[in-house]
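Next up is a structure, given as structure tokens.
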Amino acid sequence: MISRAELDAVIDKARGALADFQRDDGHWIFEFEPDATISSEYILLQHYLDGVDEGLQAKIATFIRSIQGKDGGWPLFHDGPADISATVKAYYALKLAGDDIDAPHMARARSLILAKGGAASANVFTRIALALFEQVPWTAVPVMPIEIMLLPRWFPFHLSKVSYWSRTVIVPLLIIMALKPKARNPLGIGIRELFLKDPQQEDYALNPTGTGLGALFAGIDAVLRKIEPVFPKGRRERAMQAAVDFVKERLNGEDGLGGIFPAMANSVMAFDALGYPHDHPDFVIAKRSVDNLLHERDAEMTYCQPCLSPVWDTCLGTHAMLEAGSAPDSEVIRKACDWMLGREIRETKGDWIWRRPDLEPAGWAFQYWNNHYPDVDDTAVVVMALDRTGDPAYRPACERATEWIIGMQSSDGGWGAFDPENTHFHLNYIPFADHGALLDPPTVDVTARCLSMLAQLGYDRTHPSVVKAIDFLKREQEPDGSWYGRWGVNYIYGTWSALCALNAVGEDMQQPYIRKAVDYLLSFQREDGGWGEDCSTYWKEHRGEAKDSTPSQTAWALLGLMAAGEVEHEAVARGVDYLAKAPRTGPRWDEALWTGIGFPRVFYIKYHGYAAYFPLWALSRYRNLMASNDRQVRYGM
């Protein structure tokens, strides 16, 4: 096992590398890498607009080719199985970029697509893209009439009843689906070869939800398809204006609608469909927000990120640096905290006011700016970082954010990421929702972070929000003792989050349900001393799968075990040894496998920062606790 001197050397070197990676203004930002879908859509967008940058397109195409799977398709995460929707978009993007369809990589992709039922089997969002390029008829797409914008709040479907990411993607898409524009497609390139039969004659599946609500919504879709052409013109015009107003109010400058690529790209296409000239200020700012997501990995390769993660990277990086011994008043911590303080959202009452109209705005978003959509997860972690410094200058912001977070708690005791009470599960059955990611219900990991924050700030077990949150976590525990991880992969992430929160709030960590969680983590340790969990575990049949240990997941397991009082357990020492000896490059531990997620089973992300701050954090906490007279973790995370 590693000696104390060796451990100190690893921590000091990693801390120095992370400090060197800090931007001049105090923030950290790491790559935020998705699968091929976003980069493919960027190429499609260029051809939709007839605005192709040949050099940039070549670099993006190089990236797409570089992540093709061994089976010929493109996976949703590193070393995963091919996903037909991602593969159809990647194939089309590469063909648009000039790749010969008889080239080996294209032939392998085409063979896989046809074996999986052809492009007609792709998901709704892919079929919408293909409809814009006239590769499938609009009848391949579920009906989403723009009159949705005028529905009353009591109606079974209303924008307030879906997640923030859904509404920012849907609203500009409603404009597009109403106007049904045609992509410029200047080269006239199609993908007829990806269909088993004439696309006009294909059977396009609806949301595969079986009987009951799924069948009911399928029937409603069929009715809407017949009557939509005769909807009153005046009502359609009012709905169109409501959609345009929604988008413009939330355009968010160069940070983009919702701060996420799909919404930004849809806003660009919507403005184009509405006839806005490409030098119109709204079009220009929307297009610029998309371009800001491009990341040049090297001289030959560029990809498009789904969004940017500076607030999340900065608050977590600050925790790691503090744990590693950076003084609260040091330049690196002061600059980071001052930068975060400057990003507080104070004035905008975002969409959360639909459920909490009397709540005053406060908090932080994930991106540089996303004022309509702060999230409680980022806000809680920022508050805990600011609080750790002990600087009274940060106290007012912490108090404002705490009141906002308490106000955002759902009635079941949990917290969703962006909205309270976002639990209208019937909407998962509508034909449009075949991606299964329409809602933002309370989750274990976000709830744990909010509970951790409250505990760190001195809210005890008599406070109503604390009582409800503890009850929520207890109810959500899995039979094997773990907790599900919604925003990180997967049960290791959820279990770490819950154990840290329960320790922070003063739960007896010897209770049977806590020990069951400890046993779960111990049982999941791998022979090399690390922990790993595959992205495929979001499918029940792949529960417990792991390809290899990863530094970030090992760090989560260690932090969870230490929160449960297992600092001196032999498994913790082995995990520390694994991390201390694992290879590193700059501030990051080397980590090929992905541990981040956007939407389970649909969209995964490689958070490049996770392999920088979490291993440093875990090693530093171990050192601090072993050097202390007791073994009690004092902070919420």
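Checking the condition surrounded by fewer than 23 Cβ atoms within 10 Å (Cβ to Cβ) and closer than 30 Å to residue 13 by Cα, which residue from 323, 296, 254, 249 passes?
296
Return the total of residues in the stretch 167-194 being not in a loop (DSSP other than H, G, I, E, B) and not hydrophobic (A, V, I, L, M, F, W, C).
5
Specify the residue that is farthest from residue 507 (Cα to Cα); the eligible residues are those in the stretch 429-464 that are among the charged types (D, E, K, R) and buried (at least 18 other Cβ atoms within 10 Å of the Cβ).
Applying the filter and picking the extreme gives 434.
Could you please let me know if residue 496 is part of a helix (DSSP H, G or I), buried (at least 24 other Cβ atoms within 10 Å of the Cβ) and under 24 Å from the mean Cα position of the chain (by Cα)? Let's see the steps before the verdict.
Working: part of a helix (DSSP H, G or I): yes; buried (at least 24 other Cβ atoms within 10 Å of the Cβ): yes; under 24 Å from the mean Cα position of the chain (by Cα): yes.
It is true that residue 496 is part of a helix (DSSP H, G or I), buried (at least 24 other Cβ atoms within 10 Å of the Cβ) and under 24 Å from the mean Cα position of the chain (by Cα).
Test of understanding: among 107, 17, 115, 82, which residue is under 28 Å from residue 315 (Cβ atoms), modelled with pLDDT of 95 or more and not basic (Lys, Arg)? Walk me through it before giving the result.
On the way: 107 fails: under 28 Å from residue 315 (Cβ atoms); 115 fails: under 28 Å from residue 315 (Cβ atoms); 82 fails: under 28 Å from residue 315 (Cβ atoms).
Criteria check complete, one pass: 17.
Checking the conditions here, which among 575, 596 is under 25 Å from the mean Cα position of the chain (by Cα), of a type outside the set (Lys, Arg) and in the same structural domain as residue 515 (by TED's automatic domain parsing)?
Only one candidate qualifies: 596.
Can you name the condition, by its number, that residue 181 falls short on among (1) within 22 Å of residue 419 (Cβ to Cβ); (2) surrounded by fewer than 22 Cβ atoms within 10 Å (Cβ to Cβ)?
Among (1) within 22 Å of residue 419 (Cβ to Cβ); (2) surrounded by fewer than 22 Cβ atoms within 10 Å (Cβ to Cβ), residue 181 violates only (1).
Right, another one. Against the condition over 20 Å from the mean Cα position of the chain (by Cα) and either outside any helix (DSSP H, G or I) or over 23 Å from residue 11 (Cα atoms) (or both), how does residue 335 come out, does it pass? Steps first, answer last, please.
Details: over 20 Å from the mean Cα position of the chain (by Cα): yes; either outside any helix (DSSP H, G or I) or over 23 Å from residue 11 (Cα atoms) (or both): no.
Spelling it out, it is not the case that residue 335 is over 20 Å from the mean Cα position of the chain (by Cα) and either outside any helix (DSSP H, G or I) or over 23 Å from residue 11 (Cα atoms) (or both).
Same structure again: Look through 9, 61 and report the one residue that is farther than 23 Å from residue 586 by Cβ, without any contact (Cβ under 8 Å) to a residue 40 or more places away in the chain and not in a loop (DSSP other than H, G, I, E, B).
Being farther than 23 Å from residue 586 by Cβ, without any contact (Cβ under 8 Å) to a residue 40 or more places away in the chain and not in a loop (DSSP other than H, G, I, E, B) holds for just one of 9, 61, which is 61.
Report yes if some residue within the stretch 265-281 is assigned by TED's automatic domain parsing to the domain that holds residue 170, on the phi > 0 side of the Ramachandran plot and more than 23 Å from the chain's Cα centre (by Cα); otherwise report no. Explain how you work it out, then say what you get.
Our first condition is that a residue be assigned by TED's automatic domain parsing to the domain that holds residue 170; within the stretch 265-281, this holds for 265-281.
Subset that is on the phi > 0 side of the Ramachandran plot: 275.
If we keep only those that are more than 23 Å from the chain's Cα centre (by Cα) as well, we get 275.
Yes, there is a match, as at least one residue in the stretch 265-281 is assigned by TED's automatic domain parsing to the domain that holds residue 170, on the phi > 0 side of the Ramachandran plot and more than 23 Å from the chain's Cα centre (by Cα).
Also, I was wondering about something else. Between 148, 113, 101, which is farther than 29 Å from residue 440 by Cα, aliphatic (A, V, I, L, M) and part of a helix (DSSP H, G or I)?
113
Could I ask something else about it? Would you check which residues across the stretch 116-134 are free of Cβ contacts under 8 Å to residues at least 60 places away in the same chain, among the small types (Gly, Ala, Ser) and assigned to a loop (DSSP other than H, G, I, E, B) and list them?
122
Let me ask you something else. Report yes if residue 445 is charged (D, E, K, R) and outside any loop (DSSP other than H, G, I, E, B), otherwise no. Walk me through it before giving the result.
Working: charged (D, E, K, R): yes; outside any loop (DSSP other than H, G, I, E, B): yes.
Criteria met by residue 445.
Let me ask something additional. Considering (1) farther than 24 Å from residue 403 by Cβ; (2) surrounded by fewer than 23 Cβ atoms within 10 Å (Cβ to Cβ); (3) in contact (Cβ under 8 Å) with a residue 24 or more places away in the chain; (4) more than 23 Å from the chain's Cα centre (by Cα), say which one residue 306 fails and leave the rest.
Exception for residue 306: condition (4).
Right, here's the next one. Of the residues that make up the stretch 86-100, is at least one more than 30 Å from residue 489 (Cβ to Cβ) and surrounded by fewer than 17 Cβ atoms within 10 Å (Cβ to Cβ)?
Within the stretch 86-100, one or more residues are more than 30 Å from residue 489 (Cβ to Cβ) and surrounded by fewer than 17 Cβ atoms within 10 Å (Cβ to Cβ).
For the stretch 16-31, does any single residue satisfy the condition of being surrounded by fewer than 16 Cβ atoms within 10 Å (Cβ to Cβ), in contact (Cβ under 8 Å) with a residue 40 or more places away in the chain and in contact with a Phe, Trp or Tyr (Cβ under 6 Å, 6 or more places away or on another chain)?
Within the stretch 16-31, one or more residues are surrounded by fewer than 16 Cβ atoms within 10 Å (Cβ to Cβ), in contact (Cβ under 8 Å) with a residue 40 or more places away in the chain and in contact with a Phe, Trp or Tyr (Cβ under 6 Å, 6 or more places away or on another chain).
Does the stretch 109-122 include one or more residues that are hydrophobic (A, V, I, L, M, F, W, C), surrounded by 15 or more Cβ atoms within 10 Å (Cβ to Cβ), over 26 Å from residue 260 (Cα atoms) and touching a Gly at 6+ places or on another chain (Cβ under 6 Å)?
For the stretch 109-122, residues hydrophobic (A, V, I, L, M, F, W, C), surrounded by 15 or more Cβ atoms within 10 Å (Cβ to Cβ), over 26 Å from residue 260 (Cα atoms) and touching a Gly at 6+ places or on another chain (Cβ under 6 Å): present.
Within the stretch 178-202, track down each residue that is in contact (Cβ under 8 Å) with a residue 24 or more places away in the chain, farther than 17 Å from residue 271 by Cα and among the small types (Gly, Ala, Ser).
190
Name, by its number, the condition in (1) touching a Phe, Trp or Tyr at 6+ places or on another chain (Cβ under 9 Å); (2) assigned to a helix (DSSP H, G or I) that does not hold for residue 303.
Residue 303 satisfies all of (1) touching a Phe, Trp or Tyr at 6+ places or on another chain (Cβ under 9 Å); (2) assigned to a helix (DSSP H, G or I) except (2).
The values are calculated or read from the model by the stated rules, or taken from the named source; none is laboratory data. None of the values given here were measured: they were computed from a predicted structure. Counting neighbours? That spans all protein chains shown, and the Cβs are built from the backbone with ideal geometry, glycine included.
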